[in-house]
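Single-structure report; data block below.
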Amino acid sequence: MPVFFVILLVLLNVSPAYSLDLPVSKISDDSLVRLKIKDTWMIETPVRVLSQYARRETLESGERVEIRTTEGREEFIVHVSRELTRGTSATNRIGTGQFPGWIQGSWMLTRRKDNGDGTQIKIFLRSDQQTFIQFHRFSQDKCLMDAVVYGGFVAHSVPVAVPFERLYTMPLNDILRLVENKFPIRYFEPDISNYKDTIAFITQVRPKLKGLRFVDDGAINEDGKFVFIETLQPQPSNLQGFNCSGFTKWLIDGILRPVTGARLSIPPLKAPFGNRGSSFTKNYEEPKDIFFGLDWIRNLAAEANGTLRTPSHRALEEFEVRRENFAYVLVNENRTLVVHSYPGFLPEAGYGVEGLHPLLYTLAIDEPFSFYLAAANKEIGVSSSPRGTPRFRQYYHVAALIPYFDENGFFKIVVFESAAETSFSDFRRRHWGSYVNLVKIPIPPTFDP
């Protein structure tokens, strides 16, 4: 994808004022407007199209759209952009006079500047610039469709038996009937009522973070005393706190204590859990603690799921995330978006960080009543002799990741780690190039650490 479109995505990154989208099937039709402008905007010569001023039209529903162009070096975009509205419900909305390009129902046609050919159509099924379907020309009577959520392709190069140019004026519902059952439309229709408990949980945790501090190897034991995880010896009274592992225990203690009346003991959380490692890594486990983070979150998840669900949910296959929701991702390489294959879940490693954002988005919809403990890991080991030394994964950090949709329908990820709340963008930046193993934790009704 040219640099122009990476820049465009940045320019479109406007904080939305209001969303509460409609079900996809209820998006108002704009095909009559597209038919009206086809000759003068979609097939007219690029020079003439780019010389036109933006214009606005009103749909039969009363919604307004703006037709305009955005010019790049080799291509340009014809926008049919819906108006951003504010209001308290889907029937009580006031136009803002803003047409950012990504409001639900907005439509974009990319054309070449040299010969005017259309190369891509992008349609926003949600008021979210990171979620859309797009079509590419394939042959005279066929095109290909992608469905993209936060850089992950939940559908990729799906054949659609219709000429590319036919899409210029086809009603959206007719387009969707062509591709029904060919992509998971559920990822474009989140039910925001499913996230009330998640929002309540986040709201309960945040004020309790005040006064917490980071202390290396720090945790609270089953008696409520600050100790060091390795030795179980007391921390000095003037310097008490948590490391990343101790903090995730504090979170799980806060979930389970209202149910069981007790905090978890530290030694069982350090015990090996499930398959990991091999005969090559056995001699490195104790001196390097290579699997500590993985064992720690697995044990915490087993306790949480076994207590809040059923004892059978203590099994690893019940709570470890192993979904394969997409096989391709968009990766920004030198300000150019490039499609990379994505292997999905790898045993003992988890998922590459480059696909973590779309993974959490899809998990939020597929598992709306859960959040996740993450164990970041990377491969280490350097050959220093003719025989070399084995390469193995070092689990070096753990955190809690909470994906959800807020009351207006906007997707968010809260990150709690090392006695603080951080941002997902910062988490992803710090661990770029690593893998993340995820375990599922039920959203609790009450939090009291």
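For SER127, the criteria (1) touching a residue at least 40 places away in the same chain (Cβ under 8 Å); (2) assigned to a loop (DSSP other than H, G, I, E, B); (3) farther than 25 Å from ILE365 by Cα hold in every case but one, which is (3). Is one or more of the residues making up the stretch 85-92 under 30 Å from VAL154 (Cα atoms), of a type in the set (Ser, Thr, Tyr) and exposed (fewer than 13 other Cβ atoms within 10 Å of the Cβ)? Checking the stretch 85-92: at least one residue is under 30 Å from VAL154 (Cα atoms), of a type in the set (Ser, Thr, Tyr) and exposed (fewer than 13 other Cβ atoms within 10 Å of the Cβ).
No other residue among VAL65, VAL49, VAL80, VAL24 is farther than 26 Å from PRO190 by Cβ and among the β-branched types (Val, Ile, Thr) apart from VAL49. Residue-level analysis places LYS122 among those that are within 24 Å of LYS26 (Cα to Cα), of a type in the set (D, E, K, R), out of contact with any Asp or Glu (no Cβ under 9 Å at 6 or more places or on another chain) and assigned by TED's automatic domain parsing to the domain that holds PRO100.
In this structure, is PHE291 assigned by TED's automatic domain parsing to the domain that holds GLY254, hydrophobic (A, V, I, L, M, F, W, C), over 23 Å from TYR195 (Cβ atoms) and surrounded by 23 or more Cβ atoms within 10 Å (Cβ to Cβ)?
On the way: assigned by TED's automatic domain parsing to the domain that holds GLY254: yes; hydrophobic (A, V, I, L, M, F, W, C): yes; over 23 Å from TYR195 (Cβ atoms): yes; surrounded by 23 or more Cβ atoms within 10 Å (Cβ to Cβ): yes.
So PHE291 passes the test.
Flag set for GLY151, criterion: buried (at least 21 other Cβ atoms within 10 Å of the Cβ), assigned by TED's automatic domain parsing to the domain that holds GLU57 and small (Gly, Ala, Ser). Inclusion of PHE326 among residues that are assigned to a loop (DSSP other than H, G, I, E, B) and within 24 Å of the chain's Cα centre (by Cα) is warranted.
Within the stretch 153-167, residues that are over 12 Å from LYS142 (Cβ atoms) sit with their Cβ atoms under 9 Å from residues that are in a strand (DSSP E or B) and aromatic (Phe, Trp, Tyr), at 6+ positions apart or across chains, in these pairs: PHE153/TYR328; HIS156/TYR328. Filter the stretch 163-184 down to the residues that are over 21 Å from LYS36 (Cα atoms) and part of a loop (DSSP other than H, G, I, E, B) and list them by number. Answer for the stretch 163-184, where residues must be over 21 Å from LYS36 (Cα atoms) and part of a loop (DSSP other than H, G, I, E, B): GLU180, ASN181, LYS182, PHE183, PRO184. Screening the candidates LEU251, LEU239, LEU264 for the property of being in a loop (DSSP other than H, G, I, E, B), at pLDDT 95 or above and assigned by TED's automatic domain parsing to the domain that holds ALA374 yields one hit, LEU264.
Which of the residues spanning the stretch 154-186 are of a type in the set (Gly, Ala, Ser) and either in the same structural domain as HIS340 (by TED's automatic domain parsing) or under 26 Å from the mean Cα position of the chain (by Cα) (or both)? Steps first, please.
The initial filter retains those residues of the stretch 154-186 that are of a type in the set (Gly, Ala, Ser), namely 155, 157, 161.
Those that are of a type in the set (Gly, Ala, Ser) and either in the same structural domain as HIS340 (by TED's automatic domain parsing) or under 26 Å from the mean Cα position of the chain (by Cα) (or both): ALA155, SER157.
Yes or no: the stretch 210-231 includes at least one residue that is touching an Asp or Glu at 6+ places or on another chain (Cβ under 8 Å) and free of Cβ contacts under 8 Å to residues at least 24 places away in the same chain. Yes: the stretch 210-231 contains one or more residues that are touching an Asp or Glu at 6+ places or on another chain (Cβ under 8 Å) and free of Cβ contacts under 8 Å to residues at least 24 places away in the same chain.
The values are calculated or read from the model by the stated rules, or taken from the named source; none is laboratory data. Fair warning: this is a prediction, and the values are worked out from it, not measured in the lab. Don't worry about glycine lacking a Cβ; one is built from the backbone with ideal geometry, like all the others, and counts go over all protein chains shown.
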